[in-house]
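Some notes on the structure that comes next.
The values are calculated or read from the model by the stated rules, or taken from the named source; none is laboratory data. Remember, it's a predicted structure, so these values are computed and weren't measured experimentally. Because the Cβ atoms are built from the backbone with ideal geometry, glycine has one as well, and the counts that use them run over all protein chains shown. With ligands, DNA and RNA removed, areas are computed over all heavy atoms of the protein, side chains included. Shrake-Rupley method; radii C 1.70, N 1.55, O 1.52, S 1.80 Å.
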Amino acid sequence: EAGVAQSPRYKIIEKRQSVAFWCNPISGHATLYWYQQILGQGPKLLIQFQNNGVVDDSQLPKDRFSAERLKGVDSTLKIQPAKLEDSAVYLCASSPGRNQPQHFGDGTRLSIL
Amino acid sequence: GENVEQHPSTLSVQEGDSAVIKCTYSDSASNYFPWYKQELGKGPQLIIDIRSNVGEKKDQRIAVTLNKTAKHFSLHITETQPEDSAVYFCAGPMKTSYDKVIFGPGTSLSVIP
């Protein structure tokens, strides 16, 4: 089966600009996650969707980050405006359901100048 | 608060030796404990997981043991090979929800040929 697809792989922007990431989960996976991974650390959950509804966004900086999962399939994560501390790898993962193994994409590496 | 600790942070072993990584977590009713391997430039990949109704699970050279009383679970890799070199993350349960996990800070494993 095809894995989790993410694009772009790399993005370089200046602070205060906006950026968007796209994720296509494994077909049929109801649960979708966005993580932020800062260099040298473990992934940190930003938001979790169950189908097209938000289950948990408690760690999402809502003043600048937003995410949506239209039609319960693809998802986009947006940052506006970006700050220097947003430099990280943004990982998308999907799973068949809650409390099930997560399958990760290879992430988008974001650099803020 | 919610916390997952992982030890050691770095580990070097000779090829053929065994490696053990330990993860401890806060109190929770969750029953799912996964281990992920992350290679450079890639997303984390699930390598083994265990549920609380068993104390040990093996898959070829990899095993995971769970001690719910002491709130820790460990990854065991036997007969290590150079391709086992990577960063390994445990993911422990979040206190607030049975179906969400927090990733540990990671263990960088180097297998020396």
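Just a few scattered comments:
- Applying the criterion of being assigned to a loop (DSSP other than H, G, I, E, B) and away from every other protein chain (no Cβ under 13 Å) to the residues of the stretch A:1-12, the residue that is surrounded by the most Cβ atoms within 10 Å (Cβ to Cβ) is A:Pro8.
- Selection count, the stretch A:74-93, where residues are crowded, with 16+ Cβ neighbours inside 10 Å and either among the β-branched types (Val, Ile, Thr) or in contact with a Phe, Trp or Tyr (Cβ under 7 Å, 6 or more places away or on another chain) (or both): 8
- Residue list for the stretch B:48-73, restricted to those being of a type in the set (Gly, Ala, Ser) and more than 23 Å from A:Arg98 (Cα to Cα): B:Ala63, B:Ala70
- All strands (runs of 3 or more DSSP E) inside the stretch B:10-85 with 1 or more residues being open to solvent by less than 40 Å² (accessible area, probe 1.4 Å), at pLDDT 95 or above and over 27 Å from A:Lys44 (Cβ atoms): B:10-14, B:62-67
- Residue among A:Ile47, A:Ile38 that is among the aliphatic types (A, V, I, L, M), touching an Asp or Glu at 6+ places or on another chain (Cβ under 7 Å) and under 20 Å from B:Ile102 (Cα atoms): A:Ile47
- Only a single criterion out of (1) out of contact with any helix residue (DSSP H, G or I) (no Cβ under 7 Å at 6 or more places or on another chain); (2) in a loop (DSSP other than H, G, I, E, B); (3) farther than 24 Å from B:Asn3 by Cα; (4) not acidic (Asp, Glu) is not satisfied by A:Lys15, namely (1).
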